[in-house]
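Here is the structure we will look at, set down as structure tokens.
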Amino acid sequence: MLTLFLQAEESGRRLRSMLRPDDTLQFYTSPYRRTRETTEGILRMLTGDDPEHGPSPFPIHKIKVYEEPRLREQDFGNFQPCSAEMERMWQERADYGHFFYRIPNGESAADAYDRVSGFNESLWRQFGETDFPSVCVLVTHGLMTRIFLMKWFVVPLPLNWRQETNGDPAGTTGPSNTLKIFATSITANSSS
């Protein structure tokens, strides 16, 4: 838990260093506890006085924070069965493909993609509102972040999400690596 707390504070410091004093902010967070706690840590650092930079230009009462159920983590079912059954399910998922395999009593990554697609459409419509903030921050989970970026930037579905046995045992075309490469190219292009 301490690591999560420290990561949230560091994220808040980094975010604050990237903002202009006249920026307006809006947060969307998953309703799950760890993301709400992360949001609180980010806000604490963002709105608190900083010995190095002085008082914060971002009073907490001017920051909008919304819990967004569509940003919750992929649902892995209500109960997890015994370890042997879990192992069988993970093998079945690997054989079938991570993206389309629906966990019993849960959802597939494709289901989560549909949820994020709906959120993206709502967010896109909000951009046209006159009072939409200059900065929008999403605090969500790893898979949901990757899916959001895939959908927002129209990144194709990584091969090993379609089916694990795609001839890429090293995982070099996996979702994390695809988006790391993509994020790196955005960063490199935006700094030029």
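The values are calculated or read from the model by the stated rules, or taken from the named source; none is laboratory data. Please read all numbers here as calculations on a predicted model, not as lab measurements. Don't worry about glycine lacking a Cβ; one is built from the backbone with ideal geometry, like all the others, and counts go over all protein chains shown.
Restricting the range 119-158 to residues that are aromatic (F, W, Y) and surrounded by fewer than 16 Cβ atoms within 10 Å (Cβ to Cβ), which is modelled with the highest pLDDT? I'd like the intermediate steps shown before the answer.
Filtering the range 119-158 down to residues aromatic (F, W, Y) leaves 119, 124, 127, 132, 148, 152-153.
Filter again for surrounded by fewer than 16 Cβ atoms within 10 Å (Cβ to Cβ), leaving 124, 127, 132, 152-153.
Details: W124: 92, F127: 90, F132: 95, W152: 89, F153: 89.
By that ranking, first place goes to F132.
One residue is enough: does the range 17-24 have a residue meeting the conditions of a type outside the set (S, T, N, Q), farther than 26 Å from F148 by Cα and surrounded by fewer than 18 Cβ atoms within 10 Å (Cβ to Cβ)? Before the answer, list the steps.
Applying the first criterion (of a type outside the set (S, T, N, Q)) to the range 17-24 yields 18-23.
From what is left, the residues that are farther than 26 Å from F148 by Cα are 21-22.
Restricting the remaining residues to those that are surrounded by fewer than 18 Cβ atoms within 10 Å (Cβ to Cβ) gives 21-22.
Within the range 17-24, one or more residues are of a type outside the set (S, T, N, Q), farther than 26 Å from F148 by Cα and surrounded by fewer than 18 Cβ atoms within 10 Å (Cβ to Cβ).
For the range 72-93, enumerate the residues that are surrounded by fewer than 16 Cβ atoms within 10 Å (Cβ to Cβ) and without any contact (Cβ under 8 Å) to a residue 24 or more places away in the chain.
Q80, P81, C82, S83, A84, E85, M86, E87, R88, W90, Q91, E92 - these are the residues of the range 72-93 that are surrounded by fewer than 16 Cβ atoms within 10 Å (Cβ to Cβ) and without any contact (Cβ under 8 Å) to a residue 24 or more places away in the chain.
Of a type outside the set (S, T, Y), at pLDDT 90 or above and farther than 30 Å from S117 by Cβ: does that describe G54?
On the way: of a type outside the set (S, T, Y): yes; at pLDDT 90 or above: no; farther than 30 Å from S117 by Cβ: yes.
Here the answer is no, as G54 does not meet what is asked.
Can you name the residue in the range 96-137 that is assigned to a helix (DSSP H, G or I) and of a type in the set (S, T, Y) and, of all such residues, is farthest from S17 (Cα to Cα)?
The residue in question is Y96.
Residues of the range 57-71 being among the aromatic types (F, W, Y) and crowded, with 17+ Cβ neighbours inside 10 Å, which ones?
Within the range 57-71, just F58 meets the criteria.
Mind checking which residues of the range 57-68 are in contact (Cβ under 8 Å) with a residue 40 or more places away in the chain and of a type outside the set (D, E)?
Within the range 57-68, F58, K64, Y66 qualify.
When you scan the range 66-95, how many residues do you find that are among the hydrophobic types (A, V, I, L, M, F, W, C) and part of a loop (DSSP other than H, G, I, E, B)?
The number of residues fulfilling the criteria is 3.
Looking at the range 125-157, which of its residues are within 11 Å of the chain's Cα centre (by Cα) and not aliphatic (A, V, I, L, M)?
T140, H141, G142, T145, R146, F148
Which one of the conditions (1) over 21 Å from the mean Cα position of the chain (by Cα); (2) within 30 Å of L157 (Cα to Cα) does P57 fail to meet, given that it meets all the rest?
The failed condition is (2).
Residues in the range 39-56: is at least one surrounded by 12 or more Cβ atoms within 10 Å (Cβ to Cβ) and touching a residue at least 60 places away in the same chain (Cβ under 8 Å)?
First, the residues of the range 39-56 that are surrounded by 12 or more Cβ atoms within 10 Å (Cβ to Cβ): 39-48, 50, 56.
Add one more test, that the residue is touching a residue at least 60 places away in the same chain (Cβ under 8 Å), and what stays is 39, 42.
Scanning the range 39-56, I find at least one residue that is surrounded by 12 or more Cβ atoms within 10 Å (Cβ to Cβ) and touching a residue at least 60 places away in the same chain (Cβ under 8 Å), so the answer is yes.
Can you tell me how many residues in the range 94-110 are of a type outside the set (F, W, Y), crowded, with 16+ Cβ neighbours inside 10 Å, free of Cβ contacts under 8 Å to residues at least 40 places away in the same chain and under 17 Å from L157 (Cβ atoms)?
3
Within the group R36, R20, which residue is modelled with pLDDT of 90 or more and not in a helix (DSSP H, G or I)? Break it down stepwise before answering.
Working: R36 fails: not in a helix (DSSP H, G or I).
Within the list R36, R20, the selection yields R20.
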